[in-house]
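For reference, the structure discussed in these notes is given below.
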Amino acid sequence: MSRTRREGIPLGRIGGVPVTLSWSWFVIAAVTVLLYTPVLMEAYPRLGALNYAASLGFALTLALSVLLHELAHAWTGRAFGWPTGRIVLSLLGGHTHFGDVRSTPLASATVSLAGPAVNLALGLAGWTLLRTGEPSPALGWVLLDLTTWANLIVGVFNVLPGLPLDGGRVVEALVWAATGREHYGTVVAAWTGRLLAAGLVAGAAVTGLWRQPVALVLVVLIAGFMWQGAGASLRGAAVLSRVHGVSAAALAEPAVAVPANASLAHTDRVVADHLARATGPGDAVPHVLAVSPDRQVVGLLLPATADAVPAARRAETPLTSVLQHLPPDAVLDAGLREESLLRAVAAREYPHYVVTGPDGALVGVLRTAALEGLLAG
């Protein structure tokens with residue numbers, strides 16, 4: 001089963017972005033119908049059983065609002081050159097997964113604010129429509145009223161200055177711009193997010209809001225989501241602190257390119273020539289990359305396998321017989337740094353990557369184990 005299928009129901013591509021409806025969304029939809037319908041029954045008794053439809057319709061329109069929120073993130077990110085992987089609509093909203101991103105404070109803040117801006121625009125549009133007519137107990141009016149206020153609340157809530165909210169990303173970007181260190185901004189914004197989560201729980205206790213079942217469930221879910229999200233950000237910041245200033249080029253180990261149709265004997269001579277030209281006292285034996293006639297990397301030599309071939313047979317043994325296949329996307333730009341580098345490696349999870357310069361020139365080979373060792377301290 002594919003990762004998308006495990007996450008939920010694929011909804012296709014919208015504006016070029018794959019969208020998945022997480023299985024967890026059905027949980028919040030069911031909770032909305034079960035807990036919110038009695039509230040609507042009291043507020044709109046004339047609707048009767050249609051209040052169940054209003055609750056379900058509210059869950060659906062809210063999911064649509066969240067989708068537009070995430071699409072705004074995705075499309076704004078695309079304007080900054082961020083490759084968009086997919087959008088997942090889940091239990092407490094949604095998330096946009098980006099690919100290899102070279103972010104800046106300005107780009108991060110702008111992409112983050114795009115989502116709440118859409119919710120606020122939808123809320124203001126709904127509020128304008130509501131003011132043009134007379135209040136009505138009709139199902140359509142009730143849905144418009146609920147969706148309008150939900151978008152206004154979601155828009156305002158998301159700009160609060162704490163991670164994992166979008167406003168927290170803005171705080172992160174401001175501290176990042178001021179200090180030059182992204183993980184400093186993450187730590188500040190994460191602790192602000194935890195303060196907001198604690199403040200939400202304290203506010204519910206002081207105001208007596210906890211006595212209302214629907215409100216209690218929402219407070220627990222939202223506060224828990226914020227606390228967990230802030231904790232994940234703090235753990236991420238701790239990782240980032242260990243790779244501050246680290247780039248793919250800095251971690252790349254020496255490598256030589258050898259034609260894929262060469263023999264092991266020819267490969268030995270290329271490696272020997274490289275070592276003869278090396279100036280460092282302890283220069284390591286370089287990795288060997290087999291390349292096709294069009295200079296595409298097709299594999300990485302396996303030293304143990306190559307060493308097992310006797311000297312008498314190395315001239316007749318093809319390099320291709322001792323290679324580990326490298327997928328076409330096992331390539332990293334030498335300029336990838338810090339979080340962008342970690343995200344690129346985590347997205348593919350290969351043991352080795354070919355590191356190339358701006359012109360496609362070979363820089364070296366990055367071993368995932370070397371990066372993991374750096375992260376482990």
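What about Leu50, is it open to solvent by 60 Å² or more (accessible area, probe 1.4 Å) and within 23 Å of Ile222 (Cα to Cα)?
no
Could you check, for region 200-217, whether at least one of its residues is of a type in the set (S, T, N, Q) and modelled with pLDDT under 95?
Checked against the condition, which is being of a type in the set (S, T, N, Q) and modelled with pLDDT under 95, region 200-217 yields at least one hit.
Within the bounds of region 27-43, is there any residue that is touching a Lys or Arg at 6+ places or on another chain (Cβ under 8 Å), surrounded by fewer than 16 Cβ atoms within 10 Å (Cβ to Cβ) and of a type in the set (Gly, Ala, Ser)?
No, the conditions are met nowhere in region 27-43.
Give region 142-186 a look and list any residue that's under 24 Å from Gly245 (Cα atoms) and open to solvent by 60 Å² or more (accessible area, probe 1.4 Å), or say none.
Arg169, Leu174, Ala177, Ala178, Thr179, Arg181, Tyr184
Can you pull out every residue in region 116-135 that is small (Gly, Ala, Ser) and loosely packed, with under 14 Cβ neighbours inside 10 Å?
Ala125, Gly133, listed by residue number.
Is it true that some residue in region 74-97 is assigned to a helix (DSSP H, G or I), open to solvent by less than 30 Å² (accessible area, probe 1.4 Å) and aliphatic (A, V, I, L, M)?
yes
Please count how many residues of region 325-377 are open to solvent by 10 Å² or more (accessible area, probe 1.4 Å) and part of a strand (DSSP E or B).
9
Within region 276-318, track down each residue that is modelled with pLDDT of 90 or more, open to solvent by 30 Å² or more (accessible area, probe 1.4 Å) and assigned to a helix (DSSP H, G or I).
Pro303, Ala304, Thr305, Asp307, Ala311, Ala312, Arg313 - these are the residues of region 276-318 that are modelled with pLDDT of 90 or more, open to solvent by 30 Å² or more (accessible area, probe 1.4 Å) and assigned to a helix (DSSP H, G or I).
Can you tell me which residue is modelled with the lowest pLDDT among those in region 218-243 that are among the hydrophobic types (A, V, I, L, M, F, W, C) and open to solvent by less than 40 Å² (accessible area, probe 1.4 Å)? First the steps, then the outcome.
So in region 218-243, the residues among the hydrophobic types (A, V, I, L, M, F, W, C) come out as 218-223, 225-227, 230, 232, 234, 237-240, 243.
This time we only want the ones that are open to solvent by less than 40 Å² (accessible area, probe 1.4 Å), so: 219, 223, 226, 230, 234, 237, 240, 243.
Working: Val219: 88, Ala223: 93, Met226: 93, Ala230: 95, Leu234: 94, Ala237: 87, Leu240: 79, Val243: 84.
The residue in question is Leu240.
Let me confirm something: among Val201, Val206, which residue is of a type in the set (A, V, I, L, M, F, W, C), surrounded by fewer than 20 Cβ atoms within 10 Å (Cβ to Cβ) and in contact (Cβ under 8 Å) with a residue 12 or more places away in the chain?
Val201
The values are calculated or read from the model by the stated rules, or taken from the named source; none is laboratory data. Source: prediction; values computed, not measured. Because the Cβ atoms are built from the backbone with ideal geometry, glycine has one as well, and the counts that use them run over all protein chains shown. The accessibility values were calculated without ligands, DNA or RNA, using every heavy atom of the protein model including side chains. Shrake-Rupley method; radii C 1.70, N 1.55, O 1.52, S 1.80 Å.
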